[in-house]
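Each remark here refers to the structure printed beneath this line.
The values are calculated or read from the model by the stated rules, or taken from the named source; none is laboratory data. All values reported here derive from a predicted model rather than from experimental measurement. For neighbour counting, all protein chains shown are included, and Cβ atoms are generated from backbone atoms with ideal geometry for every residue, glycine included. Accessible surface is based on the protein model in full, side chains and every heavy atom, while ligands, DNA and RNA are left aside. Shrake-Rupley method; radii C 1.70, N 1.55, O 1.52, S 1.80 Å.
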Amino acid sequence: MTENKKPVLRFAPSPTGMLHIGGARTALFNWLYARHTGGRFLLRIEDTDRERSTPEAVAAILNGMEWMGLNWDGQTVYQFARADRHRAVAEQLLAQGKAYRCYATPAELTEMREAQKKAGKPMRYDGRWRDCAPGPAQAGQPYVVRLKARQDGETIVHDVVLGDVRFANDQLDDMVLLRSDGNPTYMLAVVVDDYDMGITHVIRGADHLNNAARQLQIIEQMGWPVPVYGHLPLINGPDGQKLSKRHGALAVEAYRDMGYLPETMRNYLLRLGWSHGDDEIIPTAQAIAWFNFEAIGKSPARMDYKKLDNLNGHYIRETPDETLVAELAAFLERKVPPQILSAPARIRLTAAMPALKERAKTLVQLDQGAEFLYTDGVRDLDPAAAKLLTPEARALLARTLPVLEASDWSAAGLEQAARDFAQGAGLKLGDVAQPLRAAVTGKSNSPPLFAMLSLLGREESLVRLRAYAA
Ligand code: GLU
C-alpha cells in the first residue's frame, strides 16, 4: 500500500441552516490549501444533531458549495450514518479503561452545578464516577460514557493561525462521549470522522478553538495522530460588531441573488482574513498558487460592501461576454417567476455585452441595463426617461421617425440619418438621440443607441418609438 502523504482537508458544516459566508470562507480556505498542495478536500455533513439538521439545509449547503465553485473530492460523508463506528470507539475506550460509565442522574448533575455556582466555582462535572465501579443499585440504570481525560498538565493546541493556545487540563472536565440513549456526542463524532477520513489539517472558525482542546484529549487517549489546527478569526460587520442578520444577508445564496459572481465571492472571502501584500484583486488561479496559512490574519475581518461591489464590477468586466450571458440567463431562471432567455435575446445580449458590462457592478444592475434587449414591446419609462420625454421631445421623436425608417437600419446608417436630420433642423445629435433612447430603452442611459436600435431590429424598435411619438 502506498501512503498518501498529501494533505487532506475537510469542510464539516452542520446542516442547521444556510451556508453562511463565514462557513463559505472556511470551506474556501480548506479548498485553496488542498488545491495549492495537490491534496484532497473532503466534505462532511455533520448531521449528528437530528433535531436541528434538515434536508433543506443539506441541499442549501451542497448548492452553495457548488455555486461557489468549491468542488470536493470523493463522496460526501454524512456523520449520522457513522454512529455505529462512533459508538464502537467509545466502547473501545471503555474496554481500555480510558472512558467510564457515569450514572449521575440529571437531578444530581443539576444539584452539583448549583452548588458550584453558589460557591463561585466554575461549573464542571466533578468526576464522581471516574474511579467508581457501578454497584447493584446501578444495574439497568441509564448511564453516559465519559472520557477519562488527563487531569494534570496542559493541552496545547498548536494553531497555525493563533500560535500555541494552552488549556490547563484541570479546567477541562470529563466530557460525555455517549449519551444515555447510546448516541455519540458531536465531540466524539468529529474526532473519529477526522481520523477515519485521514484528515491532516483542521481549518475552521475560531468558535471551535475550545473544542480543539477537548478533541485533542480524545485523540490522545486513542493514540491517533494530531492534525494541524488552524482557527480562523470571525468576520465582523462593517461596524466592527459581530456579523449578524442586521448587517444584511448572510447566506451565500443571498449574495448570489444580489448578483455577485462566484469568482468575486472567492476573491472577496479570501481577502477577508488573508492577505498578499496590498493585492485586492486575486483571481482564483492566483489564489491557489499563493495560498498559505502564514498570511491568515489573527484579528477579526470586517465586511466592506463597497469593496465587494467594486470587486464584482471588476469580475463582470473581466468575464467573457458569452459567459456573462450564461450567468445572466441562470440568474433570470432563478427569479420567481423564472425568466427564460430566447435564442434571439441571447444573441442581442452577447452583442451588447461589451457595453452593458461596463455599466454594472452586479448581475442585478446588469439585468436592469439589459432588460430592454430581452423583453419585447413598449417600454415603461424610468423617472429619468419620463423626464426626457417632454411634449417637445415627443414631437421631435415623431419628426425623427420617418428619417430613421428610410435608413437601412444598420447602426452606421441609423446614426448617419439621425446626424443629417439633426444638422438640417439646427440641433445637436444628442437632442435627437435622447428621446429615441428614452423611448426604446425606457432609460436615460444605455449602451450606444444606434447599435442598440440595429440589434433590436426595425420592427421592434418602431413599436417602441411610435408609442412615445406625438
Ligand atoms: N460542524 C461544525 C460547524 O458547522 C464544524 C466542526 C469542525 O469543523 O470541526 O460549526
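Observations on the model:
- With the gyration tensor restricted to C-alpha atoms of region 182-302, the semi-axes of the equivalent ellipsoid amount to 31, 18, 14 Å, longest first.
- In the chain, the DSSP beta bridges split such that about 50 percent are antiparallel, to the nearest 5.
- Between LEU341, VAL403, HIS208, the Cα set farthest toward the positive side of the dipole of the chain (charges on each charged residue's Cβ, about the Cα centre) is that of HIS208.
- Rh (Kirkwood; distinct C-alpha pairs) - region 1-107, Å: 15.9
- Each of ARG150 and ASN71 was given a label point 7 Å from its Cα along the Cα-to-Cβ line. The distance between the two points is 4.3 nm.
- For GLN141, net neighbour charge (Lys/Arg +1, Asp/Glu -1) across residues whose Cβ lies under 13 Å away: 0
- Here ALA59 and THR110 are evaluated by their C-beta separation; at R0 = 60 Å the FRET efficiency comes out at 0.95.
- The C-alpha atoms of the chain define a longest principal axis, and helix 343-356 lies at about 90 degrees to it.
- C-alpha center-to-center spacing [region 253-271, region 161-204] in angstrom: 32
- The chain: angle of helix 458-468 to the longest principal axis, Cα-based, in degrees nearest 10: 80
- Across all Cα pairs in region 175-225, the calculated P(r) in 10 Å bins from zero up to the longest distance comes to 23, 57, 19, 1 percent per bin.
- Highest average packing first - 170-182, 17-29, 282-294, 202-214, Cβ atoms within 10 Å: 17-29, 202-214, 170-182, 282-294
- Mean-position separation - Cα centroids, region 1-77 and region 297-318, in angstrom: 23
- Each Lys and Arg adds +1 at its Cβ and each Asp and Glu adds -1 at its Cβ; summed about the Cα centre, region 40-97 shows a dipole of about 180 debye.
- Relative packing of 391-401, 186-196, which averages over residues the other C-beta atoms within 10 Å, highest first: 186-196, 391-401
- Here each label is just a point 7 Å from Cα along the line to Cβ, and for LEU234 and GLN368 those points are 3.3 nm apart.
- Rounded Å value of the spacing that divides the Cα centres of region 102-138 and region 430-470: 80
- Helix 429-441 axis versus longest C-alpha principal axis of the chain: approximately 50°, rounded to the nearest ten.
- The packing ranking, built from the mean of other Cβ atoms within 10 Å per residue, places the peptides 317-328, 373-384 in the order 317-328, 373-384, highest first.
- Expected 222 nm ellipticity per residue - DSSP helices of 4 or more, -39500 (n - 2.57), all of the chain, to 500: -15000 deg cm²/dmol
- Taking the accessible area of the chain, probe 1.4 Å, and keeping the other protein chains in place, the carbon and sulfur fraction comes to 52%.
- Convex hull (Cα only) mean projected area of the chain, reported in nm² to one decimal: 30.5
- Residues in region 434-470 that a label on ASP408 would reach, taking backbone N under 18 Å of a point 7 Å out along Cα→Cβ: 450-459
- Remark: the chain carries 47 Å² of accessible area per residue (probe radius 1.4 Å; ligands, DNA and RNA excluded).
- Placing CYS132, CYS102 in order of accessible area, with the largest value first and a 1.4 Å probe, yields CYS132, CYS102.
- FRET efficiency estimate (nearest 0.05) - Cβ-Cβ, VAL226 to GLN171, R0 22 angstrom: 0.65
- Selection from ILE45, ALA57, LEU9, by position along the positive dipole direction of region 1-81 (Cβ): LEU9
- Coordinate range along principal axes, alpha carbons of region 256-318, Å, largest first: 32, 24, 19
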